Every structure is written in structure tokens, then in C-alpha cells.
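Right, one structure below, let's go through it.
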Amino acid sequence: MKQTIGLLTKYFGDSVAVEPGLRGETFIKLKDESRIREAMELLRDNGFSMLIDLTAVHYPKREHEFELIYNMLAMEPLLRLIVKLPLKGEKPEVESVSSVFKTANWYEREVYDMFGVRFKNHPNLKRILMWENYEGHPLRKEFPLEGDNLHCYD
Amino acid sequence: MTDIKKEIDIKTDRMIVNMGPSHPVTHGTLHIVLELEGETIEASHTNIGYLHRGVEKLGEYRTYQKFIPFTDRLNYTSSINNNVGYTLAVEKLLGIQSPPRAQVLEVIACELGRIADHIVCVGINAVDIGAFTAFLYIFKYRELIYDIFSRMCGARLTTSYTRIGGVSRDLDDETIRMIRDFLTRFPSAIDELEALLTKNRIFYDRTRGIGEFSLENAIQYGYTGPCLRAAGLEWDLRKKMPYLGYENYEFEVPTGTRGDVYDRYLVRVEEMRQSVRILEQAIENIPEGPVIIQDHKIALPQKEDVYNTIEGLVSHMKLVMEGVQAPAGEIYCATEAANGELGFYIVSDGGTKPYRIRVRPPCFPIFSSFDEQVQGHMVADAVSILGSLNIIAGELDR
Amino acid sequence: MGIETALGNTILTTQLSKLVNWARKYSLWPMPFGTACCAIEFMSMQASHFDLSRFGAEAMRFSPRQSDMMMVMGTVTRKMVPVLRKIYAQMAEPKWVIAVGACTCSGGFFRSYAVQQGIDRILPVDVYVNGCPPRPENMIRGVMEIQKLVEQESLIDRKKRITAFYEELEKMNYETDYRPADKILR
Ligand code: SF4
């Protein structure tokens, strides 16, 4: 783990920060969103061969409204690393990593569907869980639980 | 010259075949569009989301305990594994551990759930290929597991067995007798199943070499669980990152070699045997003690205390009205569910409700590889591949 | 009286509709529209232990055109609504609908943006089966209720009931200004 962090700081300098987790996880915050693909490639070639999960969290009150979470797994030995990527603005856009990990394809579509974060160079960025031309992004905090489902109200 | 070449290149139109959203092989609600060239699949497009129920959003509006019933409905063929996975995640967030007896009970529950899940997957896969008998034979044993579950927690399917810091009820002697009885009868049922399928020529021909998936591809796609093991990697979180005291049990992790449908079937069957082994060890060594943590900020007090003492009443009321207070922070906790790695990513802002709860479903990444896997196969093979991946829509779409 | 006295016990007189209904009652062909957890319980109901075939309704047809009883099991999401309607429309008359499980009856505890709150807002439901999930016995009871209904209700009554249902639905949608989900989808 130390090796990997050393490597990351060597390549990315100031733009990575290590945060200790609550219960022994390692979180890495990458401040430069344009370099996420580079970072993923670096991690993939250094043992973190699997992207377990890709998701986002919405913090409407912060300056960086969205935080993408890349959940990485190294197999030999078992290490988990969570890379966080804060994004600015209402409709942020970030480089897709689906060319690095094939599994990211669907995860990114899901994040787009649920949060409205757009991914550049994604092969097929469409909604995945909700239907096409649905309005709104359900997992954003301002989206009400019932959404536009009128049946919930009566 | 050029004209002749043109003539050779003429192709017939591709045929588009729609499978789903309501189709007998899709067991649930998937939509697959296949482009066929004759009988061969040239391309496939999958649509999911027909069972998207907004579980993650609902979780943000519920306290930590109240999310447990929602986990039942994620992978509904083995609800109990999801319960265990979720409560482990919350326990990790709170920094507590359930008492030893509860841990053993959770292991028992998990392994029974795993067997139940594999029974469905193997049985249905066989039905899709045309072997209805095996399904009827093996499904009888699922009914036995259901009986055990309904004695353990009062429900057959939607178990909600675990609580934060332990389990909801203790095992009584009758249940233990039932589990022992099941353990003596089940191995012969697996033999029966294998006699019907493993060396069956038709089954073999329909599954061998179908849906072969290399290990690199599997890792790229984020495979976990039986499908990854069938591709040849010995990867089991129960061994690699033991939780719930799995390091104390002796069992093996079966692997395949080619990663095709047949290997997946073999891995699942062998896993059922290993689960029986774990269960045999666990049922003999259940330690004495409480089944839920005695901290009344987290777990409900005994009913006698609630009725007879004021402290019991107050802590009961506080827990029911407000819920468990969790420290602010983020955790990720993964367990080996029947289908693969089931992870819960919880972001807490220090309140009684999660700020964001993310379920990492095992079959979401697995199913995303379906398009690539079926290319070049026949239509009928798509059916057997789909069955072997064990796609559970509730978990896929959440 | 009449023909029966003349010919003895060899002849039985009845109304034609009663005879047809009686025959129909024991040859219901269910079409399982299973989407979620309840469908797993349905599998148990069909398998060896509970065995639906004891009640004369085991001929599962997955094609709506060949069946006359639709069992809707599991959560129906709003993305699924147009599909469900289409499948219902494809079934040949006379047809009956059972809503199995809390989700199908009322949305269950998924009160969220994505779930249709009860399918009786889109289809005429004949029998509701409660439970989350209902036990297989309970589902079998639902099938038996349908059999009773089939026996007792003549087709003309049924038609009247269904027309009244659709009229009410129209009125309700008009009053609440509700656009049915499949209009949103298309
Ligand atoms: S009623 Fe309950 S068991 Fe049935 S589909 Fe809904 S949540 Fe699942």
C-alpha cells in the first residue's frame, strides 16, 4: 500500500492527498480531475487490477458538488484503495475510464443516470436504469423521493 | 473483377430477435436484443432497469435498522446473505462486533442461503437447457431450507434475520435438529443432481465451451464469485479476507479451468458440497452466550426489561424513535455472497440515517459482459449463458 | 320436471353459460408475469412440494396469447408499465388478473420515484393476494378465488364490470391530472 501511495505522489505530486479512513481504509483524493485516466492506468499496471465499484456522492452544499468514488482492488495481496475525485459545478464532465476498465462502461452509465455527471469519450452514454427522456437525476439530493410519480401523492 | 467481388459480399438482412422484458428465460426483467446472422449472434444489446425500485434513494430516508428489509429484496434467492452483508457493514461503521454465538449463527445462515441460491441457479439453468427433472428433484431441498428459515426467523423468503450487532432470534433445538437432518440428506441429493446432469451427454454438449471467458477478461469486467472462480482464479473473500470467523472452518475453494457454462455449473455444485462441510463444522461448535450485543444504544433490550424497568423502556423508545447514532465517516465492507462480492459503501454524516448508501451488486458487472460473451454463439446458447451467470434482477437494478 | 323426468338420470339440464363456466374453471391457463421476489415463491408453488397442478391450473404458458389468467408477481416499475399493458392487451378474452404480493397490489414499501403504486391503476384486477411475499398456500388460495369467480360470474356481468372499471379510471386520471406512465414513456 505504501508503495502505491509513494508511486502516486511521485507521479501526481500535490494533486493527491491521502486521507485515513474511519476503520482502516485508505482513501486517496485526486484533486486534478483531468488526470483520472492516467491515475487509473497507473493503478491498473501496479497491481490494482480490478475496479470493484464506481459510484458518486452528491454534496449540494460543498463547493465541489459531486464526488466520484473509484473502488479499487488489488488481488495479490488483497488491498483495497478508494480513489475519490471531487467535481465542481452543476453538470460536471470528466474523462471516462471505460477504456482502462471495461466494467466502468456500465458503472459510468449508472452514475450519469443517477447523478447527471457526464463522461467524455464514453462509448455509449445513455440512461441505464431509468428510461430515456426521463427528467431529473434521482440520486441527487434535491430530487424528492417520490419524484414525479403522481401515484405516490394520493 | 470488382463486380464479382461485390456479389460475394452480398449479405442477407440481419434478423433482430427481442428477448424480454417478459420472457421465460430472462427470469426476471431483462431486455436483450439479439442481432442474428442466420442462427449466429452477431451482436447483442441489453437493456436493464425494469426492476429499478430506488432502493439506494429509499435508504437515505430510513434509519440504519429500517434498511434491513430492503436488503432482503436485493438478491431474493438468498436474502439472508444480504442481511449479513449489510449488518456487517453497519457494524464496521459503528466499530462493533457481534458476539461469538451470533457470528456462528450468521455463518450457518449464510451457508444455507448459499446452498439455496445455487439450487435455484443450477436448477433453472438446467430447465432452460431442457432438463426439467433435475429442477424438480433438487427443488425439494430448497423447500427444506425454507422450513429451516421459517423456524429461524419466521419468514421463508424475506428473512430479515440479522440485526445491527447480532441476530434477531436464537436457534432452538428443533431447528438444529432440522439442520442436522438436512445435512444428512442433502449430499445424496447433490449426487443425484450430478448423476442427472454432470455426465449427461446432452447437458455436456450444450454447456461445454459455451460462453468461454478468459481470466483477464473476467478481471477486466470485475467478475467475482463463482463466475470468476470458474475462469480459473482461486478468489474467495471468505478465504482471502475472512470475516465472521471463516478462518476457523476448513473448506476448499473450487475452481474451473475454462470459464464456460459447464465450469460454472461444476463450481456451483462443488460449492454446495463445501457449504455442507462448513455447516457440519459450524453446527457442532455453536458457542454459548447472547446472540445480540448488550449495548442498548445499538440493540433493542429484552422485552422483560422494557416492560419492567424504566431504563429498558427509555432505551427501547430512543432506539425505535431515533435509531442508531453512527459516527461520521465512510466505509466499504464486502462479503462473499452467493453470486460474488456484495459490498456496501456507506457515507455517514453522523446522524441516524445514512447520507448515502451504495450497494455494490455482484451481478451488475457480470451482466455487463453479456454482450461480449454471446457473440458468435447460437441463440440457444445465449439462454444457457444467461442462466449460468445467475442474474437476479432485484440486485442488478436495485 | 320436463325432460329429466322423461329420460331419467341419463340427462342433466343446465344453463349453457353455467356449463361453460364450469368447464373453464378447471382449465385455467396461467401466464406468470413474474418480475421480482414473489416470482421465486411462485416457483415453489409450481414445484413438487406445493404443486399447483392439483388445482387444475398448471399448464403454464409464457405466451400471453395462449393463456387466460395473468398472475402479476413482483414489483411493477414504471418502466415496466407499458410492457404490462401490452401483454394484457395481447391476451384473448375472457381473461382474469391476479395481483400477487404487496408490491403489485399497492406498491408495497417501495414508495419511490420508480415504482408503480399498485397495478389496479392500469389493469382491472380480479383477485388480490396479500403478503410480502405471500406463502404458496396463499397464492393457491388466490387461484381458487379466481376459479370461484369464473364459476359464478357470467361473461356479460364481467364485461359490465370491466367497462365500469375503465370508466372510473378515466375519471380518476382526469380529476388528478394524471398522465399514465406509458404516455410519459413514448
Ligand atoms: S411484495 Fe414483497 S416479496 Fe413480493 S415483489 Fe414486492 S417486495 Fe418482493
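The values are calculated or read from the model by the stated rules, or taken from the named source; none is laboratory data. Bear in mind the structure is a predicted one, so any value in this text is a computation, not a measurement. A quick note on method: Cβ atoms are made from the backbone with ideal geometry, for glycine too, and the neighbour counts reach across all protein chains shown. Remember, those area values only see protein heavy atoms, side chains included, never the ligands or the DNA or RNA. Shrake-Rupley method; radii C 1.70, N 1.55, O 1.52, S 1.80 Å.
The conditions are (1) open to solvent by 10 Å² or more (accessible area, probe 1.4 Å); (2) over 17 Å from C:F109 (Cβ atoms); (3) more than 11 Å from chain C (Cβ to nearest Cβ), and B:I115 fails exactly one of them. Which is it?
(1)
Here are some conditions: (1) away from the ligand (no atom under 16 Å from the Cβ); (2) touching a strand residue (DSSP E or B) at 6+ places or on another chain (Cβ under 9 Å); (3) among the hydrophobic types (A, V, I, L, M, F, W, C); (4) open to solvent by 10 Å² or more (accessible area, probe 1.4 Å). C:L123 meets all but one. Which one does it not meet?
Among (1) away from the ligand (no atom under 16 Å from the Cβ); (2) touching a strand residue (DSSP E or B) at 6+ places or on another chain (Cβ under 9 Å); (3) among the hydrophobic types (A, V, I, L, M, F, W, C); (4) open to solvent by 10 Å² or more (accessible area, probe 1.4 Å), the lone unmet condition for C:L123 is (4).
Would you point out the residue of segment C:130-145, among those that are closer than 15 Å to C:I40 by Cβ and not polar (S, T, N, Q), that is farthest from the ligand (Cβ to nearest atom)?
To start, the set of residues in segment C:130-145 that are closer than 15 Å to C:I40 by Cβ comprises C:131-136, C:138-139.
Still in the running and not polar (S, T, N, Q): C:131-136, C:139.
Values: C:G131: 7, C:C132: 3, C:P133: 3, C:P134: 8, C:R135: 11, C:P136: 13, C:M139: 11 Å.
Top of the filtered list is C:P136.
So, in segment A:103-127, exactly how many residues are modelled with pLDDT of 85 or more and facing chain B (nearest Cβ under 10 Å)?
9
Quick one: would you say C:R65 is under 23 Å from C:I87 (Cα atoms), more than 16 Å from the ligand (Cβ to nearest atom) and open to solvent by 80 Å² or more (accessible area, probe 1.4 Å)? Walk me through how you get there before you give the answer.
Details: under 23 Å from C:I87 (Cα atoms): yes; more than 16 Å from the ligand (Cβ to nearest atom): yes; open to solvent by 80 Å² or more (accessible area, probe 1.4 Å): yes.
Against the criterion (under 23 Å from C:I87 (Cα atoms), more than 16 Å from the ligand (Cβ to nearest atom) and open to solvent by 80 Å² or more (accessible area, probe 1.4 Å)), C:R65 qualifies.
Do you know which of the residues in segment C:11-47 that are of a type in the set (A, V, I, L, M) and within 14 Å of chain B (Cβ to nearest Cβ) is nearest to the ligand (Cβ to nearest atom)? Before the answer, list the steps.
Let us first name the residues in segment C:11-47 that are of a type in the set (A, V, I, L, M), namely C:11-12, C:16, C:19-20, C:23, C:28, C:31, C:36, C:39-40, C:43, C:45, C:47.
Those still in the list that are within 14 Å of chain B (Cβ to nearest Cβ) too: C:31, C:36, C:39-40, C:43, C:45, C:47.
Working: C:M31: 17, C:A36: 4, C:A39: 8, C:I40: 8, C:M43: 13, C:M45: 13, C:A47: 17 Å.
The residue in question is C:A36.
Name the helices (runs of 4 or more DSSP H) wholly within segment C:1-50 that hold at least 2 residues that are out of contact with any Pro (no Cβ under 9 Å at 6 or more places or on another chain) and not small (G, A, S)? Give the steps one after another, and end with the answer.
Numbers: elements: C:2-7, C:16-25, C:37-46.
Of the helices (runs of 4 or more DSSP H) lying wholly inside segment C:1-50, those with at least 2 residues that are out of contact with any Pro (no Cβ under 9 Å at 6 or more places or on another chain) and not small (G, A, S) span C:2-7, C:16-25.
With surrounded by fewer than 18 Cβ atoms within 10 Å (Cβ to Cβ), part of a loop (DSSP other than H, G, I, E, B) and touching a helix residue (DSSP H, G or I) at 6+ places or on another chain (Cβ under 9 Å) as the only criterion, which of A:K102, A:K126 stands out?
Details: A:K102 fails: surrounded by fewer than 18 Cβ atoms within 10 Å (Cβ to Cβ).
Within the list A:K102, A:K126, the selection yields A:K126.
Return the pairs, sorted by first residue and then second, in which the second residue is part of a helix (DSSP H, G or I) and modelled with pLDDT of 85 or more, the first residue lies in segment B:383-398 and is facing another protein chain (nearest Cβ under 9 Å), the beta carbons are less than 8 Å apart, and the residues are 6+ apart or on different chains.
B:R398/B:V55; B:R398/B:E56
When segment C:48-69 is examined, which residues are found to be closer than 24 Å to B:T29 by Cβ, of a type outside the set (D, E, K, R) and more than 10 Å from chain B (Cβ to nearest Cβ)?
C:L52, C:A57, C:A59, C:Q66, C:S67, C:M69
Looking at (1) farther than 22 Å from A:R140 by Cβ; (2) open to solvent by 40 Å² or more (accessible area, probe 1.4 Å), which one does A:E90 not meet, given that it meets all the others?
(1)
For segment B:60-90, how many residues are in a loop (DSSP other than H, G, I, E, B) and of a type in the set (S, T, N, Q)?
The first filter runs over segment B:60-90 and keeps only residues in a loop (DSSP other than H, G, I, E, B), leaving B:61-64, B:73-78.
Checking which are of a type in the set (S, T, N, Q) leaves us with B:63, B:75, B:77-78.
Number satisfying all stated conditions: 4.
For segment A:44-79, which residues satisfy the criterion of being of a type in the set (S, T, N, Q), over 18 Å from B:L215 (Cα atoms) and in contact with a helix residue (DSSP H, G or I) (Cβ under 7 Å, 6 or more places away or on another chain)?
Filtering segment A:44-79 down to residues of a type in the set (S, T, N, Q) leaves A:46, A:49, A:55, A:71.
Adding the requirement that they be over 18 Å from B:L215 (Cα atoms) leaves A:55, A:71.
Residue satisfying the conditions is A:T55 alone.
For B:K57, which of the numbered conditions (1) basic (K, R); (2) part of a helix (DSSP H, G or I); (3) within 22 Å of B:I346 (Cα to Cα); (4) open to solvent by 10 Å² or more (accessible area, probe 1.4 Å) fails to hold?
Result: B:K57 passes all but (4).
Residues in segment A:24-51 that are more than 14 Å from chain B (Cβ to nearest Cβ), without any contact (Cβ under 8 Å) to a residue 60 or more places away in the chain and closer than 28 Å to B:W235 by Cα: how many?
Count: 4.
Of all residues in segment C:134-168, how many are out of contact with any strand residue (DSSP E or B) (no Cβ under 8 Å at 6 or more places or on another chain), within 14 Å of another protein chain (Cβ to nearest Cβ) and surrounded by 15 or more Cβ atoms within 10 Å (Cβ to Cβ)? I'd like the intermediate steps shown before the answer.
Initial filter on segment C:134-168 (out of contact with any strand residue (DSSP E or B) (no Cβ under 8 Å at 6 or more places or on another chain)): C:135-137, C:140, C:144, C:147-148, C:151-168.
Of the ones still in play, those that are also within 14 Å of another protein chain (Cβ to nearest Cβ) are C:135-137.
With surrounded by 15 or more Cβ atoms within 10 Å (Cβ to Cβ) added as a condition, the list becomes C:135-136.
Residues that pass the stated criteria total 2.
Looking at (1) within 24 Å of B:M19 (Cα to Cα); (2) more than 14 Å from the ligand (Cβ to nearest atom), which is the only condition B:Y86 fails?
(1)
Among the residues of segment A:14-23 satisfying the criterion of being within 16 Å of B:G329 (Cβ to Cβ) and either surrounded by 17 or more Cβ atoms within 10 Å (Cβ to Cβ) or within 9 Å of another protein chain (Cβ to nearest Cβ) (or both), which is nearest to the chain's Cα centre (by Cα)?
Step one: list which residues in segment A:14-23 are within 16 Å of B:G329 (Cβ to Cβ), which gives A:18-23.
With the extra rule that they be either surrounded by 17 or more Cβ atoms within 10 Å (Cβ to Cβ) or within 9 Å of another protein chain (Cβ to nearest Cβ) (or both), the set shrinks to A:21-23.
Values: A:G21: 17, A:L22: 20, A:R23: 21 Å.
Top of the filtered list is A:G21.
Tell me, which residue of segment B:60-72 that is within 17 Å of B:P327 (Cα to Cα) and buried (at least 18 other Cβ atoms within 10 Å of the Cβ) is nearest to the other protein chains (Cβ to nearest Cβ)? Steps first, please.
Taking segment B:60-72 as the starting set, the residues that turn out to be within 17 Å of B:P327 (Cα to Cα) are B:60, B:62-65.
Right, trim to buried (at least 18 other Cβ atoms within 10 Å of the Cβ) and you get B:62-65.
Working: B:R62: 10, B:T63: 14, B:Y64: 15, B:Q65: 14 Å.
Selected residue: B:R62.
One line per residue, one yes/no per condition, for (1) more than 30 Å from C:R78 (Cα to Cα); (2) β-branched (V, I, T):
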position: B:G54; (1), (2): no, no
position: B:V90; (1), (2): yes, yes
position: B:P99; (1), (2): yes, no
position: B:L105; (1), (2): yes, no
position: B:I108; (1), (2): yes, yes
position: B:G113; (1), (2): yes, no
position: B:F132; (1), (2): yes, no
position: B:F135; (1), (2): yes, no
position: B:F149; (1), (2): yes, no
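Which of the residues that make up segment B:191-219 are open to solvent by 40 Å² or more (accessible area, probe 1.4 Å) and within 14 Å of chain A (Cβ to nearest Cβ)?
In the first step, residues of segment B:191-219 are kept if they are open to solvent by 40 Å² or more (accessible area, probe 1.4 Å); the result is B:191-192, B:194-196, B:199-202, B:204-206, B:208, B:212, B:214-216.
Selection gives B:S214, B:L215, B:E216.
Are there any helices (runs of 4 or more DSSP H) wholly within segment B:304-398 with 3 or more residues that are within 16 Å of the ligand (Cβ to nearest atom), and if so which? Spell out the reasoning first.
Details: elements: B:310-321, B:363-368, B:370-374, B:379-389, B:393-397.
Qualifying helices (runs of 4 or more DSSP H): B:393-397.
Can you name the condition, by its number, that C:W96 falls short on among (1) within 14 Å of chain A (Cβ to nearest Cβ); (2) under 11 Å from the mean Cα position of the chain (by Cα); (3) of a type in the set (F, W, Y)?
If we test C:W96 against (1) within 14 Å of chain A (Cβ to nearest Cβ); (2) under 11 Å from the mean Cα position of the chain (by Cα); (3) of a type in the set (F, W, Y), just (1) comes out false.
Answer with yes or no whether C:K79 is within 11 Å of another protein chain (Cβ to nearest Cβ), open to solvent by 20 Å² or more (accessible area, probe 1.4 Å) and among the charged types (D, E, K, R). Let's see the steps before the verdict.
Details: within 11 Å of another protein chain (Cβ to nearest Cβ): yes; open to solvent by 20 Å² or more (accessible area, probe 1.4 Å): yes; among the charged types (D, E, K, R): yes.
Yes, satisfied.
Test B:I179 against the stated conditions and say whether it is of a type outside the set (K, R), assigned to a helix (DSSP H, G or I) and open to solvent by less than 10 Å² (accessible area, probe 1.4 Å). Spell out how you get there, then give the answer.
Working: of a type outside the set (K, R): yes; assigned to a helix (DSSP H, G or I): yes; open to solvent by less than 10 Å² (accessible area, probe 1.4 Å): yes.
Here the answer is yes, as B:I179 does meet what is asked.
Look at C:S112 and say whether it is polar (S, T, N, Q), more than 11 Å from the ligand (Cβ to nearest atom), surrounded by fewer than 20 Cβ atoms within 10 Å (Cβ to Cβ) and under 24 Å from B:G394 (Cα atoms). Write out each step before concluding.
Details: polar (S, T, N, Q): yes; more than 11 Å from the ligand (Cβ to nearest atom): yes; surrounded by fewer than 20 Cβ atoms within 10 Å (Cβ to Cβ): no; under 24 Å from B:G394 (Cα atoms): yes.
Taking the combined requirement at face value, the residue does not satisfy it.
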